[in-house]
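Read-outs throughout are calculated quantities, based only on the coordinates presented, and are distinct from any laboratory measurement. In this text, all values refer to a predicted model and were calculated from it rather than measured experimentally. Glycine gets a Cβ as well: all are built from the backbone with ideal geometry, and neighbour counts include every protein chain shown.
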Amino acid sequence: MNQYIQPSASTASSRIYDTLRKDLVNGRFAAGEKLAINALKEQYQVGLSPLREALNKLAAYGLLLQENQRGFRVPTLSHRELDDIAQTRLSLESMAFEQAIAHGDAAWEAELLAAEHRLKCADMTLDKDDEWERLHTQFHRTLVAPCGSVWLLRFIEQLHDQFDRYRRLGPKMPVIRQELDQQHHELVELALKRDVKAARKLLDEHIRKSYDVALQRFTQHGEGAPNQC
């Protein structure tokens, strides 16, 4: 007879960390909102110990603020921070892309083509947005995967999550979205041609265009306005 095995604390912590991380990036909680531990336990059906472990990790990662003896709070959003994130992403991701083009092999080329194809085929209806976002993240990870620096990849992943807190709150802009989608294809073409100069220039343009989308949040709601979830 099969017996039910209760998930370990580490497994539960990892699960709630991944779920909360996704919800924070997607704007499920308002900027500046204080998180109630008991409400989170009930909402996510998780024990206190793995929940606190996940919250501490998210605070260390930068998606939460830990207040002394007062729990956890969602970071606020600001134009200045968005500028900082975007500029740092421009520097690090472009550097990693250059190194990836230099070191990437045939296996990377195949995975890059596959990642771009999956993203292109993703259904962009409203109920498929989560899947598109997952494939979009995977595509950008694949672009820089063979850069040769584990730390560089870690920093880029963290910057992506911080950047996406802003981008995903922005308005739907189909025309710009089409331009960004086309750039995904062009980035792959330039990478396969090993055209480092043109590839870096296009990636810079791609990030700046995404920044423009994220910036719309401030023109619509005003700097420092609460999230519109």
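The table for this structure:
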{"item": "Test for L63: is it within 30 Å of P146 (Cα to Cα) and among the hydrophobic types (A, V, I, L, M, F, W, C)", "result": "yes"}
{"item": "Subset of the range 100-123 (residues that are free of Cβ contacts under 8 Å to residues at least 60 places away in the same chain, aliphatic (A, V, I, L, M), surrounded by fewer than 21 Cβ atoms within 10 Å (Cβ to Cβ) and in a helix (DSSP H, G or I))", "result": "A106, A107, A110, A114"}
{"item": "Any hit, the range 82-98, residues being among the aromatic types (F, W, Y), in contact (Cβ under 8 Å) with a residue 12 or more places away in the chain and closer than 27 Å to R200 by Cα", "result": "yes"}
{"item": "Extreme residue, surrounded by the fewest Cβ atoms within 10 Å (Cβ to Cβ), among residues of the range 23-58 that are acidic (D, E) and under 16 Å from G71 (Cα atoms)", "result": "E33"}
{"item": "Breaking point among (1) in a helix (DSSP H, G or I); (2) surrounded by 16 or more Cβ atoms within 10 Å (Cβ to Cβ), for E179", "result": "(2)"}
{"item": "Out of L169, L159, L135, sole residue that is touching a helix residue (DSSP H, G or I) at 6+ places or on another chain (Cβ under 6 Å) and not in a helix (DSSP H, G or I)", "result": "L169"}
{"item": "Residue tally, condition more than 19 Å from A115 (Cβ to Cβ) and in contact (Cβ under 8 Å) with a residue 60 or more places away in the chain, over the range 164-192", "result": "4"}
